Amino acid sequence: MRRDQEPHMSTLVIVGAQWGDEAKGKLVDVLGGDAEYVVRYSGGNNAGHTVIVEGETFKFQLLPAGILHPGTVSILGGGMVICPKHLLEEIDRTRAQRADLGELVVSPSAHIVFPYHRLLDQLEEEARGENKIGTTSRGIGPAYTDKVSRIGIRMGEFVQPDVFHRRLQEVLAVKNRLLRMFDHPEIKFDALHEEYAQYAVRIAPYVRDAEGMLQDAVDEGKRILFEGAQGTFLDLDYGTYPYVTSSHPIAGGACLGTGLGPRHIHNILGVAKAYTTRVGEGPFVTELHDAIGQQIRDQGHEYGTVTGRPRRCGWLDLVALRYSTRLNSLSGLVLTRLDTLRGIPELKVAVGYEIDGVRSRRMPSRVEEWAKAVPVYETLAGWDEDVSGIRRREDLPVSTQRYVSFIEEYLGIPAAVLSVGPDRAETIMVRPDLMWGQP
Ligand code: IMP
């Protein structure tokens, strides 16, 4: 293809439009069969995707959910931080469940998460005391810190034995100095090197030119699905800083984390729950501390996939979701968990925030303002029916249809998919044209 031609429109980004856990994994699995490439672009094993296929549950933290489709190439992009031990365990576990998996490619630019990152994650959280972030303790922040400080070890170096030996020696000396500051015993080089050199041997065959492969795929008009991790408001720059993760889960991160130019991104779908959840600390304007919050937690099994922590639950926050719609330039919305809201007579949705007596539809940018924000609610009718068996939008209860339409109107984008249950089949495809172009 000539560079001045319009690129073939066949790329789709799936992004978490809230604070993560929006059921992106399910959607990636539903669409993964249509994609030729499924690509993770940010984060590491702080993410947790659950996919249920014909009653069998698969849990992914590093592998793209597309791995379940044998004809699909799964790519771990250069924007990720990867724990090799965890990656190998996940490959082995998934292979034990399904013999026939898709091909896996790991970018040489992705950074490695070592045990000292996990240790520092915990020590730094303890040191923060009351101001702790509530991280997943997977070493994600410290691994990204090393990347930005330009002392991180990348996949391309990790799989070259002599380079890895030298780099680990250099970096561990620095890390041990840090551990001494925390009054923590040092990590011994020999044991760490021996263990990780073995992982490197097993991972080496997967490390290939992921960026070149993707660029070729774009030129050839292949269907590429970018699988976001975490969610928009955990974005390092545009989330509820400092209560965020250390990478870029937003749609723009798909370019940064894969080396693909912005002109190659076609459609962007934002996945949002029909209510709101958050794990860890930080602002949450529509949080519920009452029986309804508990009802949502119980009906939605809202406990973290990675840490098992109970998720904080609250009403749908349209102020936040509108910001997310704009920040990600969403083509459409994927509204999940409509089944979970069953049996709540009245549903509230936040349509504004009041801060110091001033009402606005804008998200605050500082934590102090968030703390003061009082939600302005609109009340909509709920539904009692079990919607999980419904496959067409027009067959949903009238109040569910009104709930969805209210959200579409407020956000100014259409609902592309409605999810009414965890299984692949429990999905209502409303606008297939917002995925890969005209069906
Ligand atoms: P970290 O990513 O482990 O550094 O954690 C930073 C914040 O992001 C914490 O509040 C975590 O609970 C949150 N977080 C990280 N990954 C996920 C995810 O996949 N889903 C939901 N929250 C997440």
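The values are calculated or read from the model by the stated rules, or taken from the named source; none is laboratory data. Keep in mind that what you see is a predicted model, and the values were worked out from it rather than measured. Every residue, glycine among them, receives a Cβ derived from its backbone with ideal geometry; neighbour counts consider all protein chains shown. Areas reflect the complete protein model, heavy atoms only, side chains present, ligands, DNA and RNA absent. Shrake-Rupley method; radii C 1.70, N 1.55, O 1.52, S 1.80 Å.
Quick look at the values:
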read-out	value
Relative contact order for the chain, counting Cα pairs under 8 Å that sit 6 or more residues apart, in percent	20
Which of 255, 313 is most accessible, then next, and so on - probe 1.4 Å	255, 313
Proximal charge balance of residue 153 [Cβ under 12 Å; K/R count +1, D/E count -1]	+3
Candidates 181, 429, 80: whichever shows maximal mean-square fluctuation once the chain is modelled as a Gaussian network with Cα springs under 10 Å	181
Accessible-area composition of the chain, carbon plus sulfur, in percent [1.4 Å probe]	49
Space enclosed by the convex hull of the alpha-carbon atoms of the chain, per residue, Å³	145
Which listed pairs, of 59/147; 26/222; 24/175; 85/222; 132/273; 147/188, have C-alpha distances above 29 Å, in listed order	24/175; 85/222
Where the chain is the region considered: accessible area per residue in Å², 1.4 Å probe	41
Kirkwood-based Rg to Rh ratio, region 272-434, C-alpha trace	0.95
For residue 208, solvent-accessible area (1.4 Å; no DNA, RNA or ligand), Å²	100
Solvent exposure ordering (accessible area, 1.4 Å, most first) of 116, 303, 377	303, 377, 116
Rounded accessible area of residue 297 (nearest 10 Å², 1.4 Å probe)	40
Solvent accessible area, Å² - residue 406, 1.4 Å probe, full protein context	50
Accessible-area order (highest first, 1.4 angstrom probe) of the listed residues 146, 92	92, 146
Choice from 365, 42, 109 showing the highest fluctuation, given a GNM over the chain with Cα pairs closer than 10 Å	365
Built amide H within the under 5 Å cut-off of residue 344, gap 5+	383
Hydrodynamic radius of region 263-357 per Kirkwood, over alpha carbon pairs, in Å	14.6
Under-5 Å amide H pairs with residue 268, H placed in peptide plane, nonlocal only	13, 331, 332
Fraction of antiparallel bridges per DSSP, the chain only, in percent to nearest 5	40
In degrees, nearest ten, helix 161-181 long axis to first principal axis of the chain (Cα)	70
